[in-house]
Each structure stands twice: as structure tokens, then as C-alpha cells.
Amino acid sequence: MSDQTNDERLLNQLNRALGLEMRAEVMYAHYAAYVRGIHRLHLKPYFETEASESFVHANTVRNAINQLGGQAVTIRDAAPIRHTTDYKDMLEESLATEQLAAETYREILESVTANDELYDEIEQIYFAELRSVEELTQLMSA
Ligand SMILES: [Fe+2]
């Protein structure tokens with residue numbers, strides 16, 4: 001009984017992470033398209049790399065949901081994606097996105113108790129989100 005409750009909680013958390021990854025993928029692809037000015041030179045490839053990373057993370061989470069017997073969401077998280085052409089606003093939105101992702105994966109790790117393989121997979125993603133937070137913090141502190 002309590003096991004099932006834990007499984008359901010884990011699946012809900014994984015689906016929340018999946019929705020956030022799908023949102024992040026669209027956000028980064030959007031910003032790669034719209035970033036203006038001299039910073040486009042390096043931020044366009046940066047955003048494109050982050051979009052690809054979100055796609056890979058989403059795949060990992062989706063496969064985990066499937067393996068656990070759950071049904072993965074197909075709609076991205078409902079939080080609006082702010083349109084802008086200003087790279088500083090884009091970096092702000094990116095940092096908030098990565099911080100929320102890191103927090104979400106940290107919570108998932110607390111729910112993964114008896115599944116070493118899943119724990120390792122989620123931990124790798126969690127570390128990647130922490131690296132993104134650190135990178136964006138440095139980018140914005142110039
Ligand atoms: Fe991610």
C-alpha cells in the first residue's frame with residue numbers, strides 16, 4: 001500500500017521533471033533563434049547545446065517513467081516562456097529554469113530508494129543542472 005503511494009509520488013515527480021525539460025528545450029531553441037547583438041556569436045551555440053541537453057534529459061526521464069510502468073506526459077510544463085531578444089533577460093530566464101530543474105531532481109533523488117540504476121541516472125542529470133546553474137551564474141556576473 002505505502003509502496004504504491006511512493007511509486008505514484010515518484011512517477012508524478014518524474015513527470016514534472018519531464019514537463020520542465022520539454023519546456024526548457026523549447027525555451028533554449030527559442031532564445032537561440034532570437035538572441036541579438038554581438039553576444040549572438042557565442043550564446044546561439046550555447047542555447048542550442050542547452051536545448052539538446054534538455055532533449056536528452058527528457059528522453060532519459062521518459063524512459064524511466066516507461067520502465068516504472070507509468071505514462072509519460074506529452075505536454076510541456078505550463079509556465080510561460082518569456083519572449084525577448086535581450087540576452088540578459090534570456091540568461092535570467094535560463095538561470096531560473098535551471099535552478100528549478102536542479103531542485104526538482106534533488107527532490108526526486110529523495111524519492112528513489114530501492115533502484116540504484118535510476119538513482120545514478122537522475123543523479124547524473126542533477127549534477128548537469130547544477131553545472132548549468134554555476135555556468136549561468138558566472139555568465140551573469142561579468
Ligand atoms: Fe535538464
Work out from phi, with θ = phi - 60° and the Karplus expression 6.51 cos²θ - 1.76 cosθ + 1.60, the ³J(HN,Hα) of each residue of the range 112-121, listed in order in whole Hz, and give x for Gly and Pro. 7, 9, 10, 8, 4, 5, 5, 4, 4, 4
From phi via Karplus (6.51, -1.76, 1.60), per-residue ³J(HN,Hα) for the range 70-83 in Hz, x at Gly/Pro: x, 10, 6, 5, 10, 10, 5, 3, 6, 4, x, 9, 6, 7
Starting from the alpha-carbon convex hull of the chain, give the projected area averaged over all orientations, in nm². 8.3
Give me a comma-separated list of calculated 3J(HN,Hα) values for the range 26-34, in order, Karplus coefficients 6.51, -1.76, 1.60 applied at θ = phi - 60°, integers in Hz, x for any Gly or Pro. 5, 4, 5, 5, 5, 5, 4, 6, 9
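Which order do peptides 97-104, 19-26 fall in by mean Cβ count within 10 Å, highest first? Kindly include the intermediate steps, with their values, before the conclusion.
On the way: 97-104: 20.0, 19-26: 22.0.
Per-residue Cβ counts within 10 Å, averaged per peptide and sorted highest first, yield 19-26, 97-104.
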What residue among 18, 75, 133 has its Cα farthest toward the positive end of the dipole of the range 2-140, where the charges are +1 on Lys, Arg and -1 on Asp, Glu, each on the Cβ? 75
Between residue 76 and residues 5 or more places away or on another chain, which pairs have amide H atoms under 5 Å apart, with H built 1.01 Å from N, and which residues are they? none
Angle between the chain longest axis and helix 87-111 axis [Cα atoms, degrees, rounded to 10]: 10
Quick one: net charge of residue 15's neighbours, Cβ under 15 Å, K/R +1, D/E -1? 0
Quick check: Cα centre of the range 19-68 to Cα centre of the range 73-106, how many Å? 10
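Read-outs throughout are calculated quantities, based only on the coordinates presented, and are distinct from any laboratory measurement. Please read these numbers as outputs of a predicted model, since none were measured by experiment. Positions of Cβ are backbone-derived with ideal geometry, glycine not excepted, and every protein chain shown enters the neighbour counts.
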